[in-house]
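Encoded as structure tokens, the structure appears first; notes follow it.
The values are calculated or read from the model by the stated rules, or taken from the named source; none is laboratory data. Nothing here was measured: the structure is a model prediction, and the numbers come from that model. Note that we place each Cβ from the backbone using ideal geometry, even for glycine, and neighbour counts take in every protein chain shown. Just the protein is used for accessible areas: all its heavy atoms, side chains included, with ligands, DNA and RNA removed. Shrake-Rupley method; radii C 1.70, N 1.55, O 1.52, S 1.80 Å.
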Amino acid sequence: MRSSEFPEKDAAAMAEHDRAEFAYSALENLFNVSPDAIFVTDAGGVIRDANPRAVEMFGYPQAELFGQPIENLIPQRFRSHHPEHRENFNAHPRARQMGAAMNLFALRKDGTEFSG
């Protein structure tokens, strides 16, 4: 049987598709206009995307961030512990403020450190 034989299923599928597209668009919008730097990494800590604020804050062109380990954005003295923190979070993900109760430091492309 063809799906056109069931117009109510076609309408439901189209409505679901429209909701998914709207949700994706809204999420993409939030990502792009956020006042906070946002990095999307895979489980191994490789940067897969960065929002415009991250590009501005860290001084890297978008394309240069892609494929780079997130640890490259952490000052050398803190890098060795970060993979363990990342792996622990991946094993037990939960909503939390990044660096809650910690003073975080980051490294710009030009080598300057900043904290936030």
Would you please name the residue that is farthest from P69 (Cα to Cα), looking only at residues in region 84-104 that are modelled with pLDDT of 80 or more and more than 18 Å from the chain's Cα centre (by Cα)?
N103
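Among the residues in region 42-52, are any assigned to a helix (DSSP H, G or I) and modelled with pLDDT of 95 or more?
Among the residues of region 42-52, at least one is assigned to a helix (DSSP H, G or I) and modelled with pLDDT of 95 or more, which makes the answer yes.
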Residue pairs, Cβ under 6 Å, 6 or more apart or interchain, first in region 57-73 and among the charged types (D, E, K, R), second open to solvent by less than 50 Å² (accessible area, probe 1.4 Å) and modelled with pLDDT under 95. List them.
E71/H82
Exactly one of these conditions fails for P61: (1) under 24 Å from A106 (Cβ atoms); (2) open to solvent by less than 60 Å² (accessible area, probe 1.4 Å). Give me its number.
(2)
Considering only helices (runs of 4 or more DSSP H) wholly within region 54-93, the ones with at least 1 residues that are farther than 19 Å from S115 by Cα, among the polar types (S, T, N, Q) and out of contact with any helix residue (DSSP H, G or I) (no Cβ under 9 Å at 6 or more places or on another chain) are 82-91
Restricting attention to region 47-56, the residues that are surrounded by 14 or more Cβ atoms within 10 Å (Cβ to Cβ), in contact (Cβ under 8 Å) with a residue 12 or more places away in the chain and over 15 Å from L104 (Cβ atoms) number exactly 5
Which residues, taken from region 12-46, are touching a helix residue (DSSP H, G or I) at 6+ places or on another chain (Cβ under 7 Å) and either within 26 Å of A91 (Cβ to Cβ) or surrounded by 14 or more Cβ atoms within 10 Å (Cβ to Cβ) (or both)?
D36, A37, I38, F39, T41, A43, G45
